[in-house]
1. How big is the convex hull of the Cα atoms of the stretch 147-188, per residue, in Å³?
2. Arrange the following residues from fewest to most other Cβ atoms within 10 Å of their Cβ: 76, 178.
3. If the chain between residue 86 and residue 150 were fully stretched, how many nm would it gain, using 0.36 nm times the residue separation less the Cα-Cα distance?
4. Assuming R0 = 22 Å, can you tell me the calculated FRET efficiency for the pair residue 106 and residue 73, based on Cβ-Cβ distance, to the nearest 0.05?
5. Order of 119-131, 163-175, 19-31 by packing, highest average Cβ count within 10 Å first?
6. For residue 138 and residue 158, FRET efficiency with R0 = 22 Å and r from the beta-carbon atoms, rounded to 0.05?
7. Treat each spin label as a single point 7 Å out from the Cα along the C-beta direction, and report the residue 165 to residue 98 distance in nm.
8. Cα-based Rg of the stretch 69-177 per 2.2 N^0.38 Å, rounded to two decimals?
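What follows draws every value from the coordinates through simple rules; no lab data is involved. All figures in this text were calculated on a predicted structure; none of them were measured in a lab. Cβ placement follows ideal geometry from the backbone for every residue including glycine, while neighbour counts extend to all protein chains displayed.
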């Protein structure tokens with residue numbers, strides 16, 4: 001049957017139900033039958049967004065390219081055999097450390113950058129406690145506004161702590177803020 005709009009008697013094959021000649025919508029009886037799809041329609045592929053552009057170590061060393069707000073330099077557990085004596089599960093402790101690192105990264109990426117320096121987070125996880133003791137130790141020569149730390153502590157205290165038994169677990173984490181300090185204020 002020809003198109004009621006243009007009179008075109010061509011085979012109507014458009015999948016959207018429009019005339020191949022004029023493009024007007026066709027009545028249901030004139031539309032092309034749906035063709036079976038040979039392959040499933042592709043799902044839209046969404047690449048995960050990276051938080052920041054990766055920069056090679058030598059560019060960072062020379063000061064070329066973006067400097068992350070915070071970078072974990074070192075992390076260690078001070079309490080001997082904390083995981084082997086079943087004080088804390090190693091997987092849970094690792095998840096906690098990654099969460100703390102994420103808080104530092106997110107927070108220092110969100111504020112205006114300052115002069116490069118290192119800070120030491122010396123934490124203690126105690127049995128039955130819902131929040132860790134987390135003093136942040138700054139080097140003596142640090143030029144750091146204490147008001148910057150208040151929102152950081154709020155975020156750190158919101159991180160769920162792993163379950164600890166049979167005594168406290170102490171740990172240290174050294175972060176390089178805005179590229180880190182020129183010297184080594186904390187022995188790693």
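1. On the way: hull volume 5.3 nm³, N = 42.
Expressed per residue, the convex hull around the Cα atoms of the stretch 147-188 is 126 Å³.
2. Details: 76 10, 178 18.
So the ranking, lowest neighbour count to highest, is 76, 178.
3. Values: separation 64, 0.36 × 64 = 23.04 nm, distance 3.32 nm.
Contour length minus Cα-Cα distance gives 19.7 nm.
4. 0.80
5. Numbers: 119-131: 16.4, 163-175: 18.2, 19-31: 13.2.
Put in order of decreasing packing, that is 163-175, 119-131, 19-31.
6. So, using R0 = 22 Å, E works out to roughly 0.50.
7. Result for the modelled spin labels: 2.4 nm.
8. Numbers: Rg = 14.1 Å, N = 109, 2.2 N^0.38 = 13.1 Å.
Normalised Rg, Cα atoms only: 1.08.
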